[in-house]
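*Asks:* A single structure is presented below for examination.
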Amino acid sequence: MTKTLNLKTEIIAVGSELLSPGFRETNSLFISGRLEDLGIVISFKTIVGDDVADLRAALGAALKRSGLIVVTGGLGPTEDDRTREVTAGVLRRKLVFSPAIEARIRDRFRKRGLRLPASNKKQSFVIAGAEVLENDHGTAPGLWVSRASRRIVLLPGPPHELEPMFDNSVLPRLREISPGFTLRRTLKITGLSESLMEDRIKGVYSGVPPNGRIITLASPGELQIIISITGRDDRESSEAALTGLEKRLRDRLGERVFSTDGESLEEVVGRLLSLRGRTVACAESCSGGLLGHRLTGIPGSSRYFLESLVTYSDAAKTRLLGVAGSLIAAHGAVSAPVAEAMARGVMEGSGADYGLAVTGIAGPGGATETKPVGLVYTAVAWRGGASVERSVFLGMRSFVKFQSSQKALDQLRLRLIAEEFEK
Ligand code: ATP
């Protein structure tokens, strides 16, 4: 029988610098990823400055509610590094001098031709009863403290010290007390707003097993649904539960789901073009080259990507794509007929199998009474036809540009899928 721990888990990151604007606290991201792989879900994360009373309060709260507490930072030699002392105090344990640790630190300095500075001496003290976690990349050892069903782990702050220590010393200990796992899949979705997606999938939530989770993330032009199942010895049934969950979401979202294995939209489009031996060329106005940039960001894109022309001015649309000046005069550059003519023009001019075009108003200026900021026409042309879509995207200029490229890529993806069914 495996010993079971109270696995309510939290992370406390210590250091005043972590609270300053612009500093990215990354240790907790690393740790939560590793813990999730073991099926351990984080309940709380705290960032606390180098203030003894605040640290004491954070630790006290954590001890009341959590069984696994991972503390990072504040094990160094300086005056403000107080994690070891404060934790000992909160646990009502003594700090005990360890000659072995001191000898190891002294040796580290000696190898560099240096004497042991007096300030490093405090790193040789350990909390009574704690196990010492070796630090191969720095001076501060980590500590693993057991108190009844609780485990408190103290780790150094610098990521290059913490990460190997976590993998070498903490993970094996955690595997012993929690031999679990998390299975995850990410569904990526485009062409739906977050609320429309929620309406479609809300019936799925009630069927999520107690060891399962659905998390949704939204960004302009793309939604993600992360589904996960945590388990212990039941990998096969967990796989089946995850697949069941994925199927129920897919049934409700249909072709709006463009990937389940992390692929970006441009990767999916590139893969479909490659598989079918087809090529694409783009004509871009408001996306300003973003379509071409995204498509050429994928290794091997030279197999299917021929060119992207950034035809921002009316004159460029006429000169480079052959869009009739009279068509632009009649409908305006931001219009369905011009989008279609751009897509056809670049397809003909390049000899590609598909032409993809974007024309719109990225803002913040440029709106007219009938054409608001964010109005975008996207078109895909193929040998024998074309389709045009009208969208109004919200948000700042960069969002409108991204969503325009996303919409155009999705239109091509859907065309490629439809052609499979037409065969
Ligand atoms: P030492 O002082 O011996 O290097 P320490 O355990 O006292 O070790 P800190 O002084 O708390 O570590 O942090 C040292 C540096 O490590 C920080 O200045 C920061 O650059 C980085 N660091 C600390 N904690 C984090 C964190 N949670 N996320 C990202 N970086 C961190």
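The values are calculated or read from the model by the stated rules, or taken from the named source; none is laboratory data. As the structure is a computational prediction, the values presented were derived from the model and not from experiment. Cβ atoms come from the backbone with ideal geometry, glycine included; neighbour counts cover every protein chain shown. Keep in mind that these areas ignore ligands, DNA and RNA; they rest on the heavy atoms of the full protein, side chains included. Shrake-Rupley method; radii C 1.70, N 1.55, O 1.52, S 1.80 Å.
*Asks:* Taking the criterion of being part of a strand (DSSP E or B) and touching a residue at least 40 places away in the same chain (Cβ under 8 Å), would at least one residue in the range 389-402 satisfy it? Let's see the steps before the verdict.
*Replies:* From the range 389-402, those part of a strand (DSSP E or B) are 389-392; that's our starting set.
Those still in the list that are touching a residue at least 40 places away in the same chain (Cβ under 8 Å) too: 390.
Within the range 389-402 (the criterion being part of a strand (DSSP E or B) and touching a residue at least 40 places away in the same chain (Cβ under 8 Å)), the answer is yes, since at least one residue qualifies.
*Asks:* Could you say which residue among Arg147, Arg173, Arg151 is more than 16 Å from the ligand (Cβ to nearest atom), surrounded by 18 or more Cβ atoms within 10 Å (Cβ to Cβ) and touching a residue at least 12 places away in the same chain (Cβ under 8 Å)? Walk me through how you get there before you give the answer.
*Replies:* Numbers: Arg147 fails: surrounded by 18 or more Cβ atoms within 10 Å (Cβ to Cβ); Arg173 fails: surrounded by 18 or more Cβ atoms within 10 Å (Cβ to Cβ).
Exactly one of Arg147, Arg173, Arg151 is more than 16 Å from the ligand (Cβ to nearest atom), surrounded by 18 or more Cβ atoms within 10 Å (Cβ to Cβ) and touching a residue at least 12 places away in the same chain (Cβ under 8 Å), namely Arg151.
*Asks:* Further question: Among residues belonging to the range 76-97 that are away from the ligand (no atom under 15 Å from the Cβ) and of a type in the set (Lys, Arg), point out the one that is surrounded by the fewest Cβ atoms within 10 Å (Cβ to Cβ). Give the derivation first.
*Replies:* Quick first cut of the range 76-97, residues away from the ligand (no atom under 15 Å from the Cβ) only: 88-97.
Still in the running and of a type in the set (Lys, Arg): 92-94.
Working: Arg92: 8, Arg93: 16, Lys94: 12.
Result: Arg92.
*Asks:* Sticking with this structure for a sec: As an exercise: evaluate Ala61 against (1) among the hydrophobic types (A, V, I, L, M, F, W, C); (2) at pLDDT 95 or above; (3) over 18 Å from Trp144 (Cα atoms); (4) within 15 Å of the ligand (Cβ to nearest atom) and give the number of the one condition it does not meet.
*Replies:* Result: Ala61 fails condition (4) only.
*Asks:* Let me ask something else about it. State all residues of the range 246-256 that are without any contact (Cβ under 8 Å) to a residue 60 or more places away in the chain and under 21 Å from the mean Cα position of the chain (by Cα); if no residue qualifies, say none.
*Replies:* In the first step, residues of the range 246-256 are kept if they are without any contact (Cβ under 8 Å) to a residue 60 or more places away in the chain; the result is 247-248, 251-252, 254.
Residues satisfying the conditions do not exist here.
*Asks:* State all residues of the range 5-27 that are surrounded by fewer than 20 Cβ atoms within 10 Å (Cβ to Cβ) and closer than 22 Å to Asp167 by Cβ; if no residue qualifies, say none. Show your work before the answer.
*Replies:* Residues of the range 5-27 surrounded by fewer than 20 Cβ atoms within 10 Å (Cβ to Cβ): 5-6, 8, 16-17, 19-26.
Across the range 5-27, the qualifying residues are Leu5, Arg24, Glu25, Thr26.
*Asks:* Could you please give the count of residues in the range 98-111 that are surrounded by 13 or more Cβ atoms within 10 Å (Cβ to Cβ), in contact with a strand residue (DSSP E or B) (Cβ under 9 Å, 6 or more places away or on another chain) and of a type in the set (A, V, I, L, M, F, W, C)?
*Replies:* 1
*Asks:* Also, quick follow-up: Check Arg56 against each of (1) at pLDDT 95 or above; (2) open to solvent by less than 40 Å² (accessible area, probe 1.4 Å) and name the one condition it does not meet.
*Replies:* (2)
*Asks:* For the range 166-216, give me each residue that is assigned to a helix (DSSP H, G or I) and among the charged types (D, E, K, R). Steps first, please.
*Replies:* Going through the range 166-216, the residues assigned to a helix (DSSP H, G or I) turn out to be 166-177, 194-205.
If the condition is that a residue be assigned to a helix (DSSP H, G or I) and among the charged types (D, E, K, R), then Asp167, Arg173, Arg175, Glu176, Glu194, Glu198, Asp199, Arg200, Lys202 are the ones that fit.
*Asks:* I've got another one for you. Identify the residue in the range 10-37 that is of a type in the set (A, V, I, L, M) and out of contact with any Lys or Arg (no Cβ under 7 Å at 6 or more places or on another chain) and, among all such residues, is nearest to the ligand (Cβ to nearest atom). Don't jump to the end; show me each part of the working.
*Replies:* Filtering the range 10-37 down to residues of a type in the set (A, V, I, L, M) leaves 11-14, 18-19, 29, 31, 35.
From the residues that got through so far, the ones that are out of contact with any Lys or Arg (no Cβ under 7 Å at 6 or more places or on another chain) too are 12-14, 18-19, 29, 31, 35.
Working: Ile12: 10, Ala13: 4, Val14: 6, Leu18: 5, Leu19: 11, Leu29: 8, Ile31: 9, Leu35: 15 Å.
The selected residue is Ala13.
*Asks:* Based on what the data block shows, is Ile225 within 21 Å of the chain's Cα centre (by Cα), free of Cβ contacts under 8 Å to residues at least 40 places away in the same chain and open to solvent by less than 30 Å² (accessible area, probe 1.4 Å)? Before the answer, list the steps.
*Replies:* Values: within 21 Å of the chain's Cα centre (by Cα): yes; free of Cβ contacts under 8 Å to residues at least 40 places away in the same chain: yes; open to solvent by less than 30 Å² (accessible area, probe 1.4 Å): yes.
So Ile225 fits the description; yes.
*Asks:* I would also like to ask the following. Could you check the range 128-144 and list, in sequence order, the residues that are of a type in the set (A, V, I, L, M), open to solvent by less than 10 Å² (accessible area, probe 1.4 Å) and either farther than 22 Å from Lys94 by Cα or part of a strand (DSSP E or B) (or both)?
*Replies:* Looking only at the range 128-144, we keep the residues that are of a type in the set (A, V, I, L, M), and these are 128, 130, 132-133, 140, 143.
Now restrict to residues that are open to solvent by less than 10 Å² (accessible area, probe 1.4 Å): 133, 140, 143.
Leu133, Leu143 - these are the residues of the range 128-144 that are of a type in the set (A, V, I, L, M), open to solvent by less than 10 Å² (accessible area, probe 1.4 Å) and either farther than 22 Å from Lys94 by Cα or part of a strand (DSSP E or B) (or both).
*Asks:* On the basis of being modelled with pLDDT under 90 and not in a loop (DSSP other than H, G, I, E, B), does Phe109 make the cut? Give the steps one after another, and end with the answer.
*Replies:* Numbers: modelled with pLDDT under 90: yes; not in a loop (DSSP other than H, G, I, E, B): yes.
Judged against the criteria, Phe109 is a match.
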